[in-house]
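The values are calculated or read from the model by the stated rules, or taken from the named source; none is laboratory data. Quantities reported herein were computed from a predicted structural model and do not represent experimental measurements. Please note: Cβ atoms are built from the backbone with ideal geometry, for glycine as well, and neighbour counts cover all protein chains shown.
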Amino acid sequence: MIEIKNLNHGILNIDRATVPEGITAVIGRNGSGKSTLLKIISGIKIPDSGSISIEGKNPRELDTGYVSEYPDDNSIFGVVYDEIASSLRFKHADCSETERRVKEISYLFDISHLLKREMRTLSGGEKVMVALASACADNPSLLVIDEPDSHLDRGSAEVFSENVLNTGSRHIIVCTHNMETASKAGNLIFLESGRIKYQGAPGEIFEKYLKSTCFYPPLWRILK
């Protein structure tokens, strides 16, 4: 469980919130504080005041996988295999375990064919998928993903949406502009001007509060 208390940082002003285990989608208009919230949850930023605890721990005490919304900010190494293997090597995993896990996670995200490619030759969407695989490779307890769909085509977005839950992380926080992806989460947070305006099951939030807005999943309108 993630507990937020009296959190203030920039535009963010959240008195109290509890986020359950599983996948939580964070949505809202541009400038509502989504990326800032994700960086604080992941431990990248320290809030001006207030606190966030995850399973009773400070975010910086956890094994965390973080994927930035900017693909070029995610990579350290020149070759895809080395990039995905990096978190395992930093923890001194043996070579056979590293190879097994790299193959497993690259298959999960449908990028096995990219393992020998140089990072600089990849498209933005391919870089995002490699970043996801790298972030998930060592089974982090917390996985934070900032707007992956900004760079993914429809096929890659579906691979991401279908498989992110299979990464093994206890907490997965995804900021997304894809309402179909958001609708598949177990929990939904709608931010407005730095505050949590709505939180709960996606179906309830979309139907009760967002049906007449641009945030309502387009496919739902077609099916209904």
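How about region 137-168: which of its residues are touching a helix residue (DSSP H, G or I) at 6+ places or on another chain (Cβ under 7 Å) and more than 19 Å from residue 27 (Cα to Cα)? Correct list: 137, 138, 153, 156, 163, 166, 167. If the condition is being more than 29 Å from residue 37 (Cα to Cα) and acidic (Asp, Glu), then region 111-144 contributes only 118.
Residues in region 26-52 that are in a strand (DSSP E or B) and touching a Cys at 6+ places or on another chain (Cβ under 8 Å): 26, 27. Tally the residues that are buried (at least 18 other Cβ atoms within 10 Å of the Cβ), among the polar types (S, T, N, Q) and out of contact with any Leu (no Cβ under 6 Å at 6 or more places or on another chain), restricting the search to region 87-99. The total comes to 1. The set of residues in region 136-157 being in a loop (DSSP other than H, G, I, E, B), surrounded by fewer than 19 Cβ atoms within 10 Å (Cβ to Cβ) and in contact with a His (Cβ under 8 Å, 6 or more places away or on another chain) consists of 141 alone.
Every listed requirement among (1) in contact with a helix residue (DSSP H, G or I) (Cβ under 6 Å, 6 or more places away or on another chain); (2) under 17 Å from residue 174 (Cα atoms); (3) crowded, with 22+ Cβ neighbours inside 10 Å is met by residue 37 save one, (1).
Only one of 102, 130 is more than 18 Å from the chain's Cα centre (by Cα), of a type in the set (Val, Ile, Thr), assigned to a helix (DSSP H, G or I) and surrounded by 15 or more Cβ atoms within 10 Å (Cβ to Cβ). Can you tell me which?
The unique qualifying residue is 102.
Taken across region 83-93, residues that are over 22 Å from residue 169 (Cβ atoms) and out of contact with any Asp or Glu (no Cβ under 6 Å at 6 or more places or on another chain) do not occur at all. Being over 21 Å from residue 148 (Cβ atoms) and in contact with a helix residue (DSSP H, G or I) (Cβ under 6 Å, 6 or more places away or on another chain): is that true of residue 47 here? Taking the combined requirement at face value, the residue satisfies it.
Of the residues 174, 164, which single one is assigned to a strand (DSSP E or B) and surrounded by 21 or more Cβ atoms within 10 Å (Cβ to Cβ)?
174
Run down 73, 82 and say which single residue is modelled with pLDDT of 95 or more, surrounded by fewer than 21 Cβ atoms within 10 Å (Cβ to Cβ) and more than 30 Å from residue 216 (Cα to Cα). Residue meeting the stated conditions: 82.
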